[in-house]
Amino acid sequence: MDLTECTISKELILDGRVLRVERHQVELPNGKESMREVVLHPGAVAIIAMKNNKLLLVEQYRKAPEVNLIEIPAGKVDPGEERRNTALRELEEETGFTSKTMELVNEFYVSPGFCDEYISLYEAGELIESNTLKADDDEFVVKHWLSIQEANEWIKQGKIKDAKTIIAIQYLLLSMK
């Protein structure tokens with residue numbers, strides 16, 4: 001069975017600084033019509049960064065849920081920017097570290113029921129302290145260094161609730177076996 005929903009029309013609802021929101025009229029596989037609201041996102045990267053067997057996490061306030069979240073370093077891909085370069089830039093801006101290597105681990109959709117955001121998860125090699133790039137003016141972070149076991153405990157305790165971070169920690173735990 002073909003599960004494709006064919007787009008009949010699109011209406012721009014919001015053209016924001018970071019994302020776009022569109023309303024799509026679609027034809028369903030059974031021939032009926034429906035409406036979908038779609039959030040279009042430029043994509044993002046997330047970085048697994050470790051030093052001395054400790055995972056580098058950043059804590060920052062997130063406006064949408066209105067809470068501080070503890071996450072792996074991450075950020076939005078700029079237009080025309082290669083994702084690996086985004087990962088290097090975001091790592092440095094958020095943590096003050098860079099890396100000689102940045103290897104792609106996996107890629108995934110964040111919330112495909114309404115959003116096309118696609119994250120590329122990278123693993124940084126040896127971390128090198130750097131002061132070349134500074135954090136964005138509207139970005140405030142606190143760094144945390146945790147062992148993989150401590151990070152997994154923080155997940156169990158509900159201290160880490162961010163999906164990309166949970167994916168990264170689970171990946172690291174599976175890699176240890």
Worksheet item: Rounded to the nearest 0.05, what FRET efficiency is calculated for E153 and K177 with R0 set to 25 Å and r the Cβ-Cβ distance?
Response: 0.90
Response to the item:
The longest stretch of the chain containing none of the chymotrypsin sites (Phe, Trp or Tyr not before Pro) that sit in a DSSP loop with at most 15 other Cβ atoms within 10 Å is 1-113
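Which FRET efficiency value, to the nearest 0.05, do you get for K51 and M1 by plugging their Cβ-Cβ distance into 1/(1 + (r/R0)^6) with R0 = 30 Å?
The value I calculate is 0.05.
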Worksheet item: Taking K161 as the anchor, which lysines have their alpha carbon closer than 20 Å to its alpha carbon, excluding any fewer than eight residues away along the same chain?
Response: K54, K63, K76, K143
Worksheet item: Once the whole set of protein chains is in place, how much accessible area is left on I119, using a 1.4 Å probe, in Å² to the nearest 10?
Response: 10
Discussion item. Taking a virtual spin label 7 Å from the Cα of K10 along the C-beta vector, which residues in segment 96-119 bring their backbone nitrogen under 16 Å of it?
Written reply: 114-118
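How about segment 1-94: which trypsin sites (Lys or Arg not before Pro) there are in a DSSP loop, with at most 15 other Cβ atoms within 10 Å of their Cβ?
The qualifying sites are R17, K32, K63.
Could you check how much of the accessible area of the chain is carbon and sulfur, as a whole percent, using a 1.4 Å probe?
Carbon with sulfur: 50 percent of the solvent-accessible area.
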Discussion item. Given a 1.4 angstrom probe, what's the average accessible area per residue across segment 46-143, in square angstrom?
Written reply: 55
Worksheet item: Given charges of +1 on the Cβ of Lys and Arg and -1 on the Cβ of Asp and Glu, with all other atoms neutral, how large is the dipole of the chain about its Cα centre, in debye to the nearest 20?
Response: 500
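Report the full-extension gain for the segment F140 to E37: residue separation times 0.36 nm, less the Cα-Cα distance, to one decimal in nm.
34.0 nm
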Worksheet item: Where does the chain land on Rg(C-alpha)/(2.2 N^0.38 Å)?
Response: 1.17
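Scan segment 76-177 for GluC sites (Glu not before Pro) in coil per DSSP, keeping those whose Cβ has at most 13 other Cβ atoms within 10 Å, and list them by number.
Values: sites: E81, E82, E90, E92, E93, E94, E103, E107, E117, E123, E126, E129, E139, E150, E153; in loops: E81, E82, E117, E126, E139.
Filter output for segment 76-177: E82, E126, E139.
The values are calculated or read from the model by the stated rules, or taken from the named source; none is laboratory data. None of these values were measured; they are calculated from a predicted model. Note that each Cβ is placed from the backbone with ideal geometry, even for glycine, and that neighbours are counted across all protein chains shown. What goes into the accessible areas is simple: the full protein's heavy atoms, side chains included, and nothing from ligands, DNA or RNA. Shrake-Rupley method; radii C 1.70, N 1.55, O 1.52, S 1.80 Å.
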